[in-house]
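Novice: For reference, the structure I am asking about is given below.
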Amino acid sequence: MIRLLGVLSLALVCTGCEPLGHPPQEANAPATPQPQLLAGTAKVDITRDPTIPPSDRMYARVLVLQQGDTQVALIGLDVVAIGGIGPIDNGYLGRVRKRLQAELGIRPESVLINASHCHGVVAADVDARTVQAVGQAVKNLVPVKVGTGTGYEDRIMQNRRMTLKNQKQADVRHAYSIPSDDDVVSVGPIDPKIGILRIDRMDNTTLAVVYQFACHPIMGTPTTAGNTADLTGYASRVIEENLGHGAVAVFLQGCGGDINPIGYKDVHHPRHAEPLGNQLGLSTLQAVRKISPRAAPTLTCIQEQMQLPRGDTTERLIALEAEQSRLLKSLRGTTLDYKSFQSLVWKYGLFPEYPSEAAHRYLHEKQWGRTDWNKLDAENRRNMQNYLANIRTMEELTRIQTNLALLRKHNEAALAAGRQPIPVELVGLRVGDFRLVTFPGELTVQIGLNIQSTFQKPNTFVSGYTNGYIYYAPTSDQLKNRGYAQEDCDCILAPEWQPLFEKKAVEIFQKL
């Protein structure tokens, strides 16, 4: 049973609700003025490796909001996940919340920690550094006004899933090859919106920008590879340096489960997150400057728990192992090796009409009724086709083998858990017109688009990667594809989870 744990607001904004803890007002009674909204920020370095250059360092960026008795700590971490995978363990969230309550009086359900999903390595004492950052933010509280808006950026990312002619879907990963061009029919959507919350001091200087966007920050840099804050780290730096006045840019990862940075598999240029991050930062700034903050916004924070059905992939594993066996048996012998195959590809590609000799040799043979060269070409072309078919089979086997390992891992964990439902924490946050619902898994982009389409109010955003980690959370349709893409294999959810979550997310938005 889903239980409402608390509404952290002096005034609920859902239709028909009265201020919490106060009797209904008479129709002609003057409205109770909103208490002043206060905000404080801080930024603390959480990088483990002291040799990482300044441009690639990881941070805990914190925004603390306070209105009357309501306090909310919004924390953006340059980490891969809040528990589950990566350097932050599963006890991190509980330990940080416990200390924040004991030392600062911030209620656990009022703490939102979002992972950017960069793959950098953070310090072992990241717990203490997070608490330190929140403490600094509380000390820095000042009166503020807020504004909300959206930016737009569609040049730096792409959906990494593609539908093939056989109706299967494949994805773009470094772990295996992408399908051949002639097999690809279509690609999935992206969400180009940048959700923005601008917070200004009363003197109109910007204190903080919260910006939300959907894209895996996994581009890396030539010098530090994956040990970097990646494109979102560069974006935050661009925003902060341009705004000045000590502004802090808190990034929130959106529904980026199936969204890759553009050029993720480029082998002709060094992969570098900085140009993409600069574009995101500048697009965010362009929208920030169009927002006009105002005073007396509403601050509301809701935490709810729900149980989601756990997936059972036993039958899918059996079918996929059979497919693996079939593909292995489909490999055919050919006289070619890689060296001879490459030489033939060059000849038959450049000179398709007369690949094996000069034209006059072919014409001379034809004049005397001989077809030796034509027979050689036919045999070579047949062997090339067989060799190429083996290569494509090998690539498909690699994809299946990699994803089978994920399915087996999660199926074993599900058996150990008795296939019990998965508890998840959802948080709803409203600051003025900015509305956010969070989820602890890697939501794919279509889920956020669905929720926004259903709720149909501006400045409504959905963020995964928050307050825990339960692996990928793909759509029900994507889960029909189990075995061929990471999102549907690195997943512990049953297909029925999607409508349950989408309905609950809309309900939370309606309460904000």
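Nothing in this text is a laboratory measurement; each read-out follows from the coordinates by a stated rule. Quick caveat, the model's predicted, so the values are computed rather than measured. Neighbour counts run over all protein chains shown; Cβ positions are idealised from the backbone, glycine included.
Novice: State the three equivalent ellipsoid semi-axes of segment 315-416, derived from the C-alpha gyration tensor as the square roots of 5 times its eigenvalues, in descending order and whole Å.
Specialist: The three semi-axes for segment 315-416 are 46, 12, 8 Å.
Novice: Further, regarding this structure: Which entries of 145/504; 265/503; 168/265 show an alpha-carbon separation above 28 angstrom in the structure shown? Don't skip to the end; give the middle numbers.
Specialist: Working: 145/504 30 Å; 265/503 36 Å; 168/265 21 Å.
Those over the limit are 145/504; 265/503.
Novice: Taking the beta-carbon count within 10 Å as an exposure proxy, list 497, 368, 346, 373 from fewest neighbours to most.
Specialist: With the sparsest Cβ surroundings first, the list reads 368, 346, 373, 497.
Novice: Still on this structure, I have one more. Which far-off residues, 5 or more places away or on another chain, put their amide H under 5 Å from the one on residue 470, with H placed in the peptide plane?
Specialist: Long-range HN contacts for residue 470: 441, 442.
Novice: Further, regarding this structure: How far is helix 92-104 tilted, in degrees, relative to the longest principal axis of the Cα atoms in the chain, given as a value from 0 to 90 rounded to the nearest 10?
Specialist: Rounded to the nearest ten degrees, it is 20.
Novice: What residues qualify as long-range amide H neighbours of residue 208, i.e. H under 5 Å apart, gap of 5 or more or another chain, H built at 1.01 Å from N?
Specialist: Excluding prolines and chain starts, which carry no amide H, the hits are 199, 248.
Novice: If R0 is 30 Å, what FRET efficiency do you get for residue 166 and residue 267 from their C-beta distance, rounded to 0.05?
Specialist: In this case the efficiency is close to 0.70.
Novice: Once the piece of chain linking residue 337 and residue 289 is laid out straight, how much longer is it, given 0.36 nm per residue of separation minus the C-alpha distance between them?
Specialist: Roughly 11.2 nm would be gained on extension.
Novice: Oh, and also: Send over the per residue convex hull volume for the chain, Cα only, as a whole number of Å³.
Specialist: 175 Å³
Novice: Something else: If neighbour count is taken as other Cβ atoms inside 10 Å, put 267, 121 in order from fewest to most.
Specialist: Least crowded to most crowded, the residues run 267, 121.
Novice: Over segment 315-416, what is the mean sequence separation of C-alpha contacts under 8 Å (at least six apart), divided by residue count, expressed as relative contact order in percent?
Specialist: Relative contact order comes out at 48 percent.
Novice: Show the residues, 5+ positions off or on another chain, whose built amide H is closer than 5 Å to the amide H of residue 310.
Specialist: 422, 494
Novice: Follow-up. I need the shape label for segment 286-348. Rule: rounded when a/c is under 1.5, else prolate if a/b > b/c, else oblate, with a, b, c from the alpha carbon gyration tensor.
Specialist: In terms of gyration-tensor shape, oblate.
Novice: Note the angle between two axes, namely the Cα long axis of helix 273-288 and the longest principal axis of the Cα atoms of the chain, as a number of degrees from 0 to 90, rounded to the nearest 10.
Specialist: So the inclination is approximately 40 degrees.
Novice: Please give the charge dipole size of the chain, origin at the Cα centre, charges +1 on K and R Cβ atoms and -1 on D and E Cβ atoms. Round to the nearest 20 debye.
Specialist: In debye, rounded to 20, the chain gives about 100.
Novice: Per residue of segment 220-225, in order, report the coupling 6.51 cos²θ - 1.76 cosθ + 1.60 (Karplus, θ = phi - 60°) as ³J(HN,Hα) in whole Hz, putting x for Gly and Pro.
Specialist: After applying 6.51 cos²θ - 1.76 cosθ + 1.60, I find x, 9, x, 8, 10, 6 Hz.
Novice: Can you tally the net charge around residue 98? Count Lys and Arg as +1, Asp and Glu as -1, for every other residue whose Cβ sits under 12 Å from the Cβ of residue 98.
Specialist: Numbers: positive: 95, 97, 99, 107; negative: 103, 127.
Around residue 98, the charge tally is +2.
Novice: Quick one: helix 445-455 against the long Cα principal axis of the chain, what's the angle to the nearest 10°, folded into 0 to 90?
Specialist: 40 degrees
Novice: Now, a different point. Residues with beta-carbon under 15 Å from that of residue 365, excluding residue 365: net charge, scoring Lys, Arg +1 and Asp, Glu -1?
Specialist: Charge balance near residue 365 sits at 0.
Novice: How do 364, 174, 117, 272 rank when sorted from fewest to most other Cβ atoms within 10 Å of their own Cβ?
Specialist: In increasing order of surrounding Cβ atoms, one gets 174, 364, 272, 117.
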